[in-house]
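What follows is a set of notes on a single structure, which appears directly below.
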Amino acid sequence: MQPTRVVFDSLSELRLLAQDSLRYRRQVLALKQYFATRQVTVLLTDDLTGNEGQSDALLHSLCHGVISLERLTLDFGGARRRLQVRKLRGVDYVAGFHDFVVLTGGAQVFPRLIASDHAQLFTGEAVSSGLQELDAMMDGGPLRGTSTLFMGPAGSGKTNLALQFVHAACERGEPVAMYEFDERIGTLLRRAELLGLPLRRHIDAGLLELHQVDPAQISPGQFDAMVVAQVERRRARMIVVDSLTGYMAAMPQEQQLILQLHELLAYLNQQGVTTLLLNAQQSLVGTMSTSNLNVSYVADAVLLLRFFEHRGRIRKALSIIKNRGGAHEESIRELRIDKQGIRIGEVLDAFHGVLTGVPTFEGQAEQLMEDRGDFAP
């Protein structure tokens, strides 16, 4: 037949036939010497059942390349598969573990992302949100190639602000991808309609893609590959992850998840992509936790949203904590969200202790924004 590829599946059966370890190794060496003079690629599989579950070091020394496969069973959700190239003579390869899945039609491997291999030159201009007041607070908006983190308790308006950025980017003709870990896409589109943001029109035009992520079925490498495909296939200029809480909850047993997230953000930054990250804080007022998330390590800019109480009503406040891309306003402003969109009010200079949730008010009630006859979505 003169084959170009020969597969032995598996070596555990060969061990049983040899009955003796010395005879087995002589047989494998003889096979190597036989195929070495012919243009044949030989693949050997070993399920490790005949060697007490340990790798055969002598066999590894005889082979030109060694690839190990692992299957990890989590406490909940689907099993995770990963592979590692242990050895490959004469060829440069990416070391470490790489996630992969077995699907109908074959296997799909997600190479470990290395941001430094994808560096590109780009113009780091400011990205407008479409809200004049918010852009002014961030000296024109976050820069391209930076990541912005929206922090605040549930219901404070993080997703609504992100949708405002998404709508503005689509209006400029920029492709956008949004990954939903928490909210259903149908609910998200309904929310956008109540805000007066026609996201369905942008979806029909091919500018916006919404992806519902199943938290129990995805690995970090697979998620990275999905995002990279958006950048390389669609030339996406904005990526939204809603939320980091859902992202980290989807992969609870991954040991280096925050490092993988940092590598993904570094890749997006080097591609000139604006990344929006949403992170829900625990509790509603008072001291809040960020779920052990190192904010300075992850984000270039941080927007903080808080609730505060005034005369029996819950109101929202917005402030810019940091902005590596430029100057930012250090004041705290009121945020109102209703069916006519998002409004940002004047500086809350008549309040003391807004970030505690129960501030002291020493001004006039006219300084706060009034209702426009409808409720926030």
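Worth a mention:
- Measuring only protein heavy atoms, the 1.4 Å probe finds E133 accessible over about 90 Å².
- Given a 1.4 Å probe and the protein chains as shown, R237 ends up with an accessible area of around 50 Å².
- Straight Cα distances below 30 angstrom link K158 to the lysines K316, K322, K339, with same-chain residues fewer than 8 positions distant left out.
- Ranked order, K322, K32 - accessible area, probe 1.4 Å, largest first: K32, K322
- Residue-level accessible surface for S331, protein heavy atoms, 1.4 Å, Å²: 30 Å²
- Measure of compaction for the stretch 11-162 (Cα Rg per 2.2 N^0.38 Å): 1.75
- Each of F223, F307 has its accessible area taken with a 1.4 Å probe; listed largest first, they run F307, F223.
- The residues V241, V101, sorted by heavy-atom accessible surface at 1.4 Å with ligands and nucleic acids left out, run V101, V241 from largest to smallest.
- Average 1/r across all pairs of distinct alpha carbons in the stretch 1-53, invert it, and you get the Kirkwood radius: 11.9 Å.
- Theoretical ellipticity at 222 nm over the chain - DSSP helices of four or more residues, -39500 (n - 2.57) apiece, nearest 500: -8000 deg cm²/dmol
- Within the chain, DSSP assigns beta bridges of which about 55% are antiparallel (rounded to the nearest 5).
- Shape call, the stretch 136-176: gyration tensor on alpha carbons, a/c limit 1.5: oblate
- Rounded if a/c under 1.5, otherwise prolate or oblate - the stretch 141-243, Cα gyration tensor axes: rounded
- Each principal axis of the Cα cloud of the stretch 1-101 was evaluated for its coordinate range; sorted largest first, these ranges are 47, 33, 27 Å.
The values are calculated or read from the model by the stated rules, or taken from the named source; none is laboratory data. Please read these numbers as outputs of a predicted model, since none were measured by experiment. What goes into the accessible areas is simple: the full protein's heavy atoms, side chains included, and nothing from ligands, DNA or RNA. Shrake-Rupley method; radii C 1.70, N 1.55, O 1.52, S 1.80 Å.
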